[in-house]
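Novice: Please see the structure below; I have some questions.
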Amino acid sequence: MSISRKSLLLHLGLIALLFALGFLLPTYHQGNLARIMVLATYAVGYNVLFGYTGLLSLGHAMFFAAGMYGLGLAMHLGGLSPIPAFIVGLLCAALLSAVVAFLALRTIGVAFMIVTLMFAQTAFLTILYFGTYTRGDEGFVIAQATRQIMGFDLTSPTNRYMAALIVFGTALLITARMMQASFGQVLIGVRENEERTTMLGYDVFRHKFAAVIISGVISGAAGATYALLFGYVGATFATVQYSIFPLLWVLLGGAGTTIGPLVGAIFMFYLIDYSSGLTNAYMLIAGVVLVLLTLFARAGIVGEIRKRWVAWLP
Amino acid sequence: MDFGPHLLLAILEGAVGAAVLALTALGLSLVFGVMRVVNVAHGEFFMVGAVVAWFVADAVAGHPAFGFTAALIIAPLVAGLIAVLVDKLVLKQVEYDPEATIVGTIGVLYILQQTALMTYGPEPRPVEAPFSTRIALPWFEWGENGFAMFYPWGLSITSYKLFVIFAAAAVLVVFWLVMSRTRYGLIMRATQLDRETALAFGIPVSRVYSIVFGIGAGLAALAAVLIVPIQQAYYLMGAEPLLLSFIVVIIGGLGSVRGTVVAALMIGMSDGIISVFLSPTLSKIIATLLVALVLVFRPQGLFGTKAA
């Protein structure tokens, strides 16, 4: 069996498993997994830029927030129905990522991290500044009655779960397909050796530019989905912490692997969920995991599995 | 108050902020200059300094000056020792790889911050100033009766704030003397210029790195002890000085000490002055965006000459 056939089977199998879990899990864990799949979509988007292209951004929360506020404000103030509002969210994320890509890609390495961090901070402060519309830190709730798509009530647990699965599955299959295509191979080339990729005649800037936009739009889709499914839009999601989270999930699951983002998000979510029952200092766990990963497992869980046992893992 | 006295007051308040910021940013700049790594946990060493100062001041009985003096010595030492540990246990293990260091120090940031939350608690607490006499300042004006000197209501500064400005200036001068006139300064500058050649000349580069990282954290902690009688010690207080120090180091040119001090004065003063006249959120938006653009279009900083 060819590797691309094997990985397609793996991804479809994973989606089928998640589909089945939607009916088997008790309500509490079903709700958790719905949330995790939305966050994992965010991580999938982050992985396109960090895992495959090798660009470490510390400001992805601004794309997540762009999708979230794009959809949220369009529904809350504009009175749009969910699907047009979702498209507004995607357009906001696309526009923001194009501007950020145009400016930030002039820098590399550490400067790129700091520039993205600063842009995200600017976005966060801008949300606070326009508190009249965004309600700042407090945020706003999207009315339950408006969260319906073609008769499906997205506030019911099972519908919400399936909607999250559709968004996550789409993002997973699109990125997996993309990485097998020549476009994705060039991105990996940029990560491994930018100069050599340039020398081979590829337009590195254009590929990086596209990677930032794809990554930003997927992150924005996750933000819009989060707002739609859980009905809340707030500035917390634009803070530095929400830029660190996808980095943490991807590093933990395995940067540059297709299923790593989901694995990392599941582990981290339950680790934090469990420890916040014990102490209010639950971010301590995130800190310890980050340090341990940097020291001992730079490849992450799926990355280590691929290195040791299953070499074909996508 | 009239515009003139109001502006003078804003400048004085700005000078206090600038003095503390200069020390904090100097620590970040020293670490970046010598070790070529960005320490994202720098703001947390500032926080550790403030929190330790509170514990020390709380434990020492008698006049507040005793507690404060003890804190002035102990807090930078504690922060410095933690930093040396971080250097040995984390930074050295990843061989100072720039990206791994950033991710690792983000982890250290959360560990320090959350440990403070667990031990010190979530509420902000003040440290009593060793002395705090209110000094009214005179204002001169050409009035109807010719030249007159009077004391406008509200135009005053405390003796402690003046002390902060002078103490920070003294530390900066000592730092400059150490760097430019002593053997230790020479060793640090040699390591900064060329790590390999320094190693070949028998300089223990790995120990220099530990010490530099410790001094960087110690400077942040010292700045925090100075500010803690004016602001309060709080476990989330590290974010603001981190961001401002980043701004200063970037504007001043990554790794340039002289640029850092000039930029700290500029940013600290204008932060104090602007926030008196503009909405603080708007002024922060403008400042952050400008700094990002400086980094995009002039990565060597406004004063730096060599590429970052």
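The values are calculated or read from the model by the stated rules, or taken from the named source; none is laboratory data. All of these numbers come straight from a predicted model, not from anything done at the bench. Note that we place each Cβ from the backbone using ideal geometry, even for glycine, and neighbour counts take in every protein chain shown. All accessible areas refer to the heavy atoms of the entire protein, side chains included, with ligands and DNA or RNA removed. Shrake-Rupley method; radii C 1.70, N 1.55, O 1.52, S 1.80 Å.
Novice: So which residues in segment B:105-136 are aliphatic (A, V, I, L, M) and either open to solvent by less than 40 Å² (accessible area, probe 1.4 Å) or within 14 Å of chain A (Cβ to nearest Cβ) (or both)?
Specialist: Within segment B:105-136, B:ILE106, B:VAL108, B:LEU109, B:ILE111, B:LEU112, B:ALA116, B:LEU117, B:MET118, B:VAL127, B:ALA129 meet the criteria.
Novice: Can you find even one residue in segment A:118-133 that is crowded, with 19+ Cβ neighbours inside 10 Å and within 17 Å of the chain's Cα centre (by Cα)?
Specialist: Yes, segment A:118-133 has at least one match.
Novice: State whether the residues of segment B:1-18 include one that is under 22 Å from B:THR115 (Cβ atoms) and either of a type in the set (Ser, Thr, Tyr) or open to solvent by less than 10 Å² (accessible area, probe 1.4 Å) (or both).
Specialist: Looking through segment B:1-18, none of the residues is under 22 Å from B:THR115 (Cβ atoms) and either of a type in the set (Ser, Thr, Tyr) or open to solvent by less than 10 Å² (accessible area, probe 1.4 Å) (or both).
Novice: What are the pairs with Cβ atoms under 7 angstrom where one residue, in segment A:81-98, is modelled with pLDDT of 95 or more and surrounded by fewer than 24 Cβ atoms within 10 Å (Cβ to Cβ) and the other, located anywhere, is in a helix (DSSP H, G or I) and among the aromatic types (Phe, Trp, Tyr)? Sequence gap at least six, or different chains.
Specialist: Within 7 Å, the pairs are A:LEU96/A:PHE63.
Novice: Which one of these does A:THR257 not meet: (1) buried (at least 16 other Cβ atoms within 10 Å of the Cβ); (2) of a type in the set (Ser, Thr, Tyr); (3) more than 21 Å from B:ALA100 (Cβ to Cβ); (4) more than 14 Å from chain B (Cβ to nearest Cβ)?
Specialist: Only one criterion in (1) buried (at least 16 other Cβ atoms within 10 Å of the Cβ); (2) of a type in the set (Ser, Thr, Tyr); (3) more than 21 Å from B:ALA100 (Cβ to Cβ); (4) more than 14 Å from chain B (Cβ to nearest Cβ) is unmet by A:THR257, namely (3).
Yes or no, residue by residue, for (1) open to solvent by 60 Å² or more (accessible area, probe 1.4 Å); (2) not in a helix (DSSP H, G or I):
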| site | (1), (2) |
| --- | --- |
| A:GLY169 | no, no |
| A:LEU172 | no, no |
| A:ARG177 | yes, no |
| A:GLY184 | no, no |
| A:TYR202 | yes, yes |
| A:ARG206 | yes, no |
| A:PHE209 | no, no |
| A:ILE214 | no, no |
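Novice: Name the residue that is farthest from A:THR126 (Cα to Cα), counting only residues in segment B:283-297 that are in contact (Cβ under 8 Å) with a residue 12 or more places away in the chain and facing another protein chain (nearest Cβ under 7 Å).
Specialist: B:LEU295
Novice: Can you tell me which residue within segment A:99-117, out of those that are closer than 16 Å to A:PHE209 by Cα and open to solvent by 20 Å² or more (accessible area, probe 1.4 Å), is farthest from the other protein chains (Cβ to nearest Cβ)? Walk me through how you get there before you give the answer.
Specialist: Kept after step one, since they are closer than 16 Å to A:PHE209 by Cα, are these residues of segment A:99-117: A:99-109, A:112-113, A:115-116.
Okay, now just the ones that are also open to solvent by 20 Å² or more (accessible area, probe 1.4 Å), so A:99, A:102-103, A:106, A:108-109.
On the way: A:VAL99: 11, A:PHE102: 10, A:LEU103: 5, A:ARG106: 5, A:ILE108: 9, A:GLY109: 6 Å.
Here the answer is A:VAL99.
Novice: Of everything in segment A:262-312 that's buried (at least 21 other Cβ atoms within 10 Å of the Cβ) and touching a Phe, Trp or Tyr at 6+ places or on another chain (Cβ under 6 Å), which residue is farthest from the other protein chains (Cβ to nearest Cβ)?
Specialist: Among those residues, the one meeting the criterion is A:ALA265.
Novice: Still on this structure: Select from segment B:160-206 the residues that are charged (D, E, K, R) and surrounded by 18 or more Cβ atoms within 10 Å (Cβ to Cβ) and write down the one among them that is nearest to the chain's Cα centre (by Cα).
Specialist: B:LYS161
Novice: Separate question: Mind listing whichever residues of segment A:197-216 are hydrophobic (A, V, I, L, M, F, W, C) and without any contact (Cβ under 8 Å) to a residue 60 or more places away in the chain?
Specialist: A:MET199, A:LEU200, A:VAL204, A:ALA210
Novice: From (1) of a type outside the set (Lys, Arg); (2) more than 7 Å from chain A (Cβ to nearest Cβ); (3) touching a helix residue (DSSP H, G or I) at 6+ places or on another chain (Cβ under 7 Å), pick out the condition that doesn't hold for B:THR69.
Specialist: With respect to (1) of a type outside the set (Lys, Arg); (2) more than 7 Å from chain A (Cβ to nearest Cβ); (3) touching a helix residue (DSSP H, G or I) at 6+ places or on another chain (Cβ under 7 Å), B:THR69 is out only on (3).
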